[in-house]
Amino acid sequence: MKTNIKILFAAAVATLCVGCTDLDVPVESQYTSYPGTEAALEAQLSGIYFQMRGCFGRRYMEAMALSSDEYTSVAYGGNWYDNGAYAHPSLHNYSYEDASIDWMTDLTSGIVKANEVVGSETASEKAKAPARAMRAYFTFIMMDCWGDVPINDPTLSSEIDLEERQPRAKVAEWLENELKAVIPVLTTETTGDNYGKPNKYMAQALLAKLYINWPVYTASSVESYDATAGNPKLDDCISLCNEIIQSGKFALGPDPYRFKFASDNTERVEAGTIKDFIYVMPYHTTDATGMQYGRSHSYKDVKNLKPSYYGEALTNSGGGYVTMTPEFVKVFNLKGDERNKLIIGLSENLDDYRYDTGGDENTVYVYDPSTLLPTEEVCKDKEGNPLKLTRNISLVEKDFTINVGDNLEGWRQGCRNLKWHVTRSDYANGRNQSNDIPLLRFADVLLMKAEALTRKGSSAEAKDLVNQIRAYAGAELLANNPTLDDIYNERAREFFDENWRRNDMIRFGHFEDEYFPHYKDFPTASFDKTRRVFPVHKNMLDLNPKWKQNAGY
């Protein structure tokens, strides 16, 4: 882990809130008095930058991934049902008390912390810019997930009630203006001492995200958004993407795709072999904890695999309650695509590892922890039999628990992924991983531009952008100009398990599709379009009694 990140983390211990905590911070909180020393400012900014570290490492992922077609939750008998915290998003049948959506308070707390810096009489505009960028970032997430949210900008206190939720379209307009204002002031440094902190390109990429989703966020209501709606911000999106591309600071390589998400990705960024990260959340198993994807994504009995598919035995057990849907694994079907090899149980054919060359039940192989590629050695379960995962998922009975059974047969239901490769040394420390999570990537800029161009009318330039991604991953190239379906599927392959799929599904008009267990004949599955946003959690309603619950809940 980078030394400067360790120092920054240590300096912020007194102010940093790293977990998904229920902080009793009212939304109406505004500026507070703030010490003007440089050390105090750095400590406070660190607390803002890493405010969501614990949440991004688990709860945010659960809400994003399980409400999309990437993953479903599964319960093992009565284990891992947890009052529906994971099953409800999989069925789009959320409860306003679900633990997986109990983190708006964390975003609110981050905004309040940012306002302390923005309102400082001693901090310079340059020092305030990253705090404003983080305030915008937190507000973007809140708006994306809950629709109408407060605009907690005290400079507008004479114009709006800071306690009240504002219409989503108004929030989008504020975000546009705020990001435009801070972009010229933010640093252009993305690594070194500025790793994990907001920068100019982070704000530009976030604004491009806002623009590509503009019709979603400015629709008259959540349920009225139509994926065929025109987007007046496409040219603006393309312009921002061009600026990032032309900066010359980013690239898809040189490291292969799989190493971008490994436990040593911090060091690879530092060495200059990962140039794809625009904005990232740094993690370390002891110094910056909270990243625990392996706990939920791994095979349930991962501790007793002999040999383990991770290439080294793990001393802690897995939760295993997050598994891939049979519909989603179908997109990993391109010949030669390195990304296919991060899905275990996808195929039996190691020479041509992709969806349509295997069956519904495929052998799991042991991965080399140095190359992160599968070997010919077979992974075995606790009884010494070859571990085979199924693409399809069989339930004990079709009910709201999504119960697959707490036994060998249940544990092997559904493909798993190794994108966030787990190491023995990391996992031994409370299952905390050192894999940094990129929140905005250069590859996303390329595909946002390709999408904007395609929405304006397919072009050779959009084809070239998609083929840059495919060529880098070793996949077969597009022969024709891309359709929106091509873009949608490419985003699935490139950004799986990076928490953008729900956002993409809504924009492309696929959120109400059928995918396991979100089927129309499944008890308790909801297809109501109001499910495009989450219900406001009970804790937030208790803190803000004037608020009304989102429509449909």
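Scaled to the compact-protein estimate 2.2 N^0.38 Å, what is the alpha-carbon radius of gyration of the chain, rounded to two decimal places?
On the way: Rg = 22.4 Å, N = 553, 2.2 N^0.38 = 24.2 Å.
That works out to 0.92 for the chain.
How many percent of the accessible area of the stretch 67-125 is carbon or sulfur, using a 1.4 Å probe? Could you put the intermediate results ahead of the total?
Values: 630 of 1600 Å².
Here carbon and sulfur together make up 40 percent of the probe-accessible area.
Would you mind calculating the relative contact order of the chain from Cα pairs under 8 angstrom and at least 6 residues apart, reporting the percent as a whole number? Spell out each step's value before the answer.
Values: 1115 pairs, mean separation 108.9, N = 553.
Taking the mean separation of contacting Cα pairs over the length of the chain, I get 20 percent.
Give, in nm to one decimal, the length gained when the segment between Lys180 and Asn304 is fully stretched (0.36 nm per residue of separation minus the Cα-Cα distance). The partial results should precede the final answer.
Working: separation 124, 0.36 × 124 = 44.64 nm, distance 5.25 nm.
In short, 39.4 nm is gained.
So between Glu512 and Thr155, what do we pick up on full extension, going 0.36 nm a residue minus the alpha carbon distance?
Values: separation 357, 0.36 × 357 = 128.52 nm, distance 3.91 nm.
This chain segment gains 124.6 nm when fully extended.
If you roll a 1.4 angstrom probe over the protein chains with everything in place, what fraction of the accessible area of the stretch 402-463 belongs to carbon and sulfur, to the nearest %?
44
Using +1 at the C-beta of Lys and Arg and -1 at the C-beta of Asp and Glu, which of Ala87, Thr37, Leu234 has the Cα lying farthest in the positive direction of the dipole of the chain?
Positive-end residue among those listed: Thr37.
At what distance in nm do the modelled label points of Glu327 and Asp528 sit from each other, each positioned 7 Å from its Cα along Cα→Cβ?
Output for this residue pair reads 2.0 nm.
Sequence neighbours fewer than 8 away in the same chain don't count; with that in mind, list the lysines whose C-alpha is under 30 Å from Lys538.
Output for Lys538: Lys113, Lys170, Lys209, Lys398, Lys520, Lys529, Lys546, Lys548.
Pairing the Cα long axis of helix 234-246 with the longest principal axis of the chain, what angle in degrees results, from 0 to 90 and rounded to the nearest 10?
Helix 234-246 sits at roughly 80 degrees to that axis.
Going through the stretch 153-206, which GluC sites (Glu not before Pro) have at most 11 other Cβ atoms within 10 Å and a DSSP loop state?
Values: sites: Glu159, Glu163, Glu164, Glu173, Glu176, Glu178, Glu189; in loops: Glu159, Glu163, Glu164, Glu189.
In loop regions of the stretch 153-206 (DSSP not H, G, I, E or B), the sparsely surrounded GluC sites (Glu not before Pro) are Glu159.
Over the Cα atoms of the stretch 326-449, how large are the radius of gyration and the largest Cα-Cα distance (Dmax), in Å?
When restricted to Cα atoms, the stretch 326-449 yields Rg and Dmax of 16.3, 50 Å.
Pulled fully out, how much extra length does the chain show between Ser220 and Asn79, if you take 0.36 nm times their separation in residues and subtract their Cα-Cα distance?
46.6 nm
How high is the relative contact order of the stretch 35-141, given as a whole-number percent (alpha carbon pairs under 8 Å, six or more residues apart)? Walk me through the numbers before you get to the answer.
Working: 95 pairs, mean separation 33.7, N = 107.
After rounding, I find 31 percent.
Distance in nm between label sites at Thr286 and Ala479, each 7 Å beyond Cα in the beta-carbon direction?
Inter-label distance under the simple model: 5.6 nm.
Can you list which of the GluC sites (Glu not before Pro) found in the stretch 34-112 are DSSP loop residues with at most 16 other C-beta atoms within 10 Å? Kindly include the intermediate steps, with their values, before the conclusion.
Numbers: sites: Glu38, Glu42, Glu62, Glu70, Glu97; in loops: Glu70, Glu97.
Of the GluC sites (Glu not before Pro), the ones in loops of the stretch 34-112 whose Cβ has at most 16 other Cβ atoms within 10 Å are Glu97.
For the stretch 99-142, list residues with backbone N below 12 Å from a point placed 7 Å from the Cα of Ala40 toward its Cβ?
Answer for this model: 117, 120-123.
Give me the angle, in degrees from 0 to 90, between the Cα long axis of helix 484-495 and the longest principal axis of the Cα atoms of the chain, rounded to the nearest 10.
80
Quick one: longest stretch of the chain between exposed loop trypsin sites (Lys or Arg not before Pro), exposed meaning at most 11 other C-beta atoms within 10 Å and loop per DSSP?
On the way: sites that count: Lys520, Lys546, Lys548.
Of all site-free stretches, the longest is 1-519.
Along the Cα→Cβ direction, 7 angstrom out, place labels at Glu461 and Asp368. What is the inter-label distance in nm?
So the label points at Glu461 and Asp368 sit 4.2 nm apart.
Given a Förster distance of 51 Å, report the FRET efficiency between Glu125 and Asp521 from their Cβ-Cβ distance, rounded to the nearest 0.05.
Working: r = 58 Å, r/R0 = 1.13.
Once the sixth-power term is evaluated, E becomes 0.30.
Would you calculate, for the chain, the mean residue ellipticity at 222 nm contributed by helices, counting each DSSP H stretch of 4 or more residues as -39,500 (n - 2.57) and dividing by all residues, to the nearest 500? All intermediate terms of the calculation are to be shown ahead of the outcome.
Details: 20 runs with 195 residues, N = 553.
Taking each H run of at least 4 residues, the total per residue is -10500 deg cm²/dmol.
Quick one: check the C-alpha center-to-center distance for the stretch 392-470 versus the stretch 78-132, whole angstrom.
The two parts, judged by their Cα centres, are 22 Å apart.
Of all alpha-carbon pairs in the stretch 269-361, indicate the percentage at a distance above 18 angstrom.
On the way: 2690 of 4278 pairs.
Tail of the P(r) past 18 Å holds 63 percent of the pairs.
For the stretch 89-215, with equal point scatterers placed on the C-alpha atoms only and solvent neglected, what are the log10 I(q)/I(0) values from the Debye formula at q = 0.10, 0.20 1/Å, to two decimals?
Normalising to I(0) and taking log10 leaves -0.34, -1.22.
Loop-only check: which GluC sites (Glu not before Pro) in the stretch 366-411 are DSSP coil with at most 10 other Cβ within 10 angstrom? Intermediate values should be presented prior to the final figure.
Working: sites: Glu376, Glu377, Glu383, Glu397, Glu409; in loops: Glu383, Glu397.
Those satisfying the criteria are Glu383, Glu397.
Can you give the angle from 0 to 90° between the axis of helix 168-182 and the longest principal axis of the chain, with both taken from C-alpha atoms, to the nearest 10?
The helix 168-182 is inclined about 70 degrees to the chain.
The values are calculated or read from the model by the stated rules, or taken from the named source; none is laboratory data. Here the structure is a predicted model, which means the values were calculated and not measured. Reconstructed Cβ throughout: ideal geometry from the backbone, glycine too, with neighbour counts over all protein chains shown. The accessibility values were calculated without ligands, DNA or RNA, using every heavy atom of the protein model including side chains. Shrake-Rupley method; radii C 1.70, N 1.55, O 1.52, S 1.80 Å.
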